[in-house]
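A quick write-up on the structure given underneath.
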Amino acid sequence: MLRSILLIIAFVLSQNAGARGTGDLGIVIERADGSVQIIETSTNSSLGRIEGLGDLSHASAVYSRDEQFAYIFGRDGGLTKIDIVNKKIIKRIMQSGNSIGGAISQDGRLIAVSNYKPGGVKIFDAETLALVADIPATYGNDGLLSKVIGLVDAPGQKFIFSLWDGDEIWVADLSDSSKPKITKFKNIGRNPYDALITPDGRYYIAGLFGEDGMAMLDLWNLDAGVKRILDGYGKGEKKLPVYKMPHLEGWAIAGHFAFVPAVGRHEVLVINTLDWTEAGRIKVHGQPVFVMARPDGRNIWVNFAVPNNDTLQVIDTQSLKIIKTLTPGKGVLHMEFEPRGGQVWASVRDEDRLAVFNTETFEQLVTFDAKKPSGIFFTSRAHRIGL
């Protein structure tokens, strides 16, 4: 009997010999090679690479609730489910001709993809990647198709997105995934180019490329419709050419202030989230792309479009002053904070490497090779709204 028990224990231990948690893992998009690196924050190291993911020139990712699976949204319309623990592709489908990002539902069972070509949103089963719903983004009397941007998940099994061509915001309720319920808000402003949802899941805000200002929807009070905020923030000022669209999903909230990139300006806008009015502007090194808060909200890290994309600047959220300027290298495309904020990772695309910094001392702790890295996504995103 004892021998049998010992054999059973040995078998169980052998089956779990390779088991590990996923909370310190993440991926880095290697845009030029159609691959992702699996990274670990406990040791600041690379654990391996998964290849064969197609065009990742504007790729993003979301995670399953257990953090084992990542869903990669490729620019070529590819949707790929990968296992980051076992470092392999689970399934890959081509769901459109050109896509721009995606989201995972509140219950983790649905994957939504926003498409440029053809315009619209497709919903897939997270387990099998089987198509669940197809939502064409038609607008106007002629039923034209619009590019879709700014797709995020929201509480209540909803997805929110904007129509670049149609100047609209749509709320898709997938409580019954076989019959999506769509609520449309029209004439929200010219050419929404990106959008975000606040960390509490209440406010959806779309930036406008065709005019100064932003469009805000209160998801707790949909009957109130869309409200314009920061209307005309660039009025009377000379417009600059836009070298790269800012990314609103990388915006920052610290206390009751929001920090967002100004389109075509060398400024970070400060918004009072109590009444959504402008509270200030911070002059920065170039046109900001990502404006990101350290998890404790103590400071804001900003990267920039060309020709200033070798630089990071750090803003103190109390004084609203720049306290540090770093030059990690050419082509700093993306940043990602470790969950507790002690370190931040940056992709340095043009030097084919990743750099990790201490967020208190600003010291570079480690750097290692990556093939034209861009987006960095840690598994902690699995438990946050809108990421």
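The values are calculated or read from the model by the stated rules, or taken from the named source; none is laboratory data. Fair warning: this is a prediction, and the values are worked out from it, not measured in the lab. Neighbour counts run over all protein chains shown; Cβ positions are idealised from the backbone, glycine included.
Some points to look at:
- Checking 366, 306 one by one, the residue that is aliphatic (A, V, I, L, M), surrounded by fewer than 19 Cβ atoms within 10 Å (Cβ to Cβ) and modelled with pLDDT under 95 is 306 and no other.
- The numbered conditions (1) touching a Leu at 6+ places or on another chain (Cβ under 8 Å); (2) closer than 24 Å to residue 123 by Cβ are all true for residue 38 except (2).
- Only residues that are at pLDDT below 95 and either surrounded by 15 or more Cβ atoms within 10 Å (Cβ to Cβ) or within 14 Å of residue 202 (Cα to Cα) (or both) were counted in segment 136-148, giving 0.
Results for (1) under 22 Å from residue 75 (Cβ atoms); (2) touching a strand residue (DSSP E or B) at 6+ places or on another chain (Cβ under 9 Å); (3) part of a strand (DSSP E or B), shown as yes or no for each residue.
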position: 129; (1), (2), (3): yes, yes, no
position: 133; (1), (2), (3): no, yes, yes
position: 141; (1), (2), (3): no, no, no
position: 149; (1), (2), (3): yes, yes, yes
position: 161; (1), (2), (3): yes, yes, yes
position: 178; (1), (2), (3): no, yes, no
position: 188; (1), (2), (3): no, yes, no
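- Consider segment 268-286 and keep the residues that are more than 16 Å from residue 208 (Cβ to Cβ) and within 22 Å of the chain's Cα centre (by Cα). The one that is surrounded by the most Cβ atoms within 10 Å (Cβ to Cβ) is 268.
- Segment 79-127: number of residues that are of a type in the set (Gly, Ala, Ser), outside any loop (DSSP other than H, G, I, E, B) and touching a residue at least 40 places away in the same chain (Cβ under 8 Å): 5
One line per residue, one yes/no per condition, for (1) under 18 Å from residue 359 (Cβ atoms); (2) at pLDDT 90 or above; (3) basic (Lys, Arg):
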| residue | (1), (2), (3) |
| --- | --- |
| 254 | yes, no, no |
| 258 | no, yes, no |
| 263 | no, no, no |
| 266 | no, yes, no |
| 273 | no, yes, no |
| 279 | no, yes, no |
| 291 | yes, yes, no |
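- Failed item in (1) surrounded by fewer than 14 Cβ atoms within 10 Å (Cβ to Cβ); (2) closer than 27 Å to residue 64 by Cα, with residue 358 passing the rest: (2)
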